[in-house]
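Contents: one structure, followed by commentary.
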Amino acid sequence: MAFDPAEEIERFHAAINALDFPAIEAYFAEDSTYVSNGVGSLAGRAEIMAAFRKYFDDYPDQTAENSLVERLTAQSGRAVWSLRATHSQTGKPLIREGEETITFNAEGRITRVDVTDYQDF
């Protein structure tokens with residue numbers, strides 16, 4: 001079966017929604033890059049996973065859904081999403097909407113994620 005980046009993004013987001021950290025980590029190539037206006041630019045799987053763990057310590061109740069997931073190229077896709085969460089310490093709600101472009105390598109591992117939030121958070 002041919003690699004479908006849109007289907008892989010759906011599976012990756014399902015792992016995030018399930019807070020399945022071993023599965024999330026397995027998605028990232030060792031030298032991957034994650035760029036977001038929320039976290040800045042992260043380099044390497046270890047740095048990305050540390051940021052994921054910190055984020056979900058702060059927002060353990062996040063619920064997210066995709067309104068669109070599409071294939072851009074044979075190795076990349078785009079997702080448009082929205083999420084809601086509550087900060088675990090302050091109780092402050094977080095509502096985000098945005099999109100991300102995810103690029104995969106030949107082994108199906110994520111090499112780059114570019115996140116764009118539609119508004120500041």
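The values are calculated or read from the model by the stated rules, or taken from the named source; none is laboratory data. Since we're looking at a predicted model, the values are computed, not measured. Every residue, glycine among them, receives a Cβ derived from its backbone with ideal geometry; neighbour counts consider all protein chains shown. The area values use the complete protein model at the heavy-atom level, side chains included, leaving out ligands, DNA and RNA. Shrake-Rupley method; radii C 1.70, N 1.55, O 1.52, S 1.80 Å.
Looking only at residues in the stretch 17-41 that are modelled with pLDDT of 95 or more, of a type outside the set (G, A, S) and under 11 Å from V113 (Cβ atoms), which one is surrounded by the fewest Cβ atoms within 10 Å (Cβ to Cβ)?
Here the residue is V35.
Hand me the list of strands (runs of 3 or more DSSP E) wholly inside the stretch 47-110 holding 1 or more residues that are closer than 21 Å to S32 by Cβ and more than 15 Å from the chain's Cα centre (by Cα).
Ranges flagged: 63-73.
Scan the stretch 1-16 for residues that are open to solvent by 70 Å² or more (accessible area, probe 1.4 Å) and part of a helix (DSSP H, G or I) and jot them down.
Answer for the stretch 1-16, where residues must be open to solvent by 70 Å² or more (accessible area, probe 1.4 Å) and part of a helix (DSSP H, G or I): E7, E10, R11.
Any idea how many residues of the stretch 71-102 are touching a Pro at 6+ places or on another chain (Cβ under 8 Å) and either within 15 Å of D4 (Cα to Cα) or aromatic (F, W, Y) (or both)?
Total meeting the criteria: 8.
For the stretch 69-94: of the residues being in contact (Cβ under 8 Å) with a residue 24 or more places away in the chain and of a type in the set (A, V, I, L, M), which is surrounded by the most Cβ atoms within 10 Å (Cβ to Cβ)?
The residue in question is A79.
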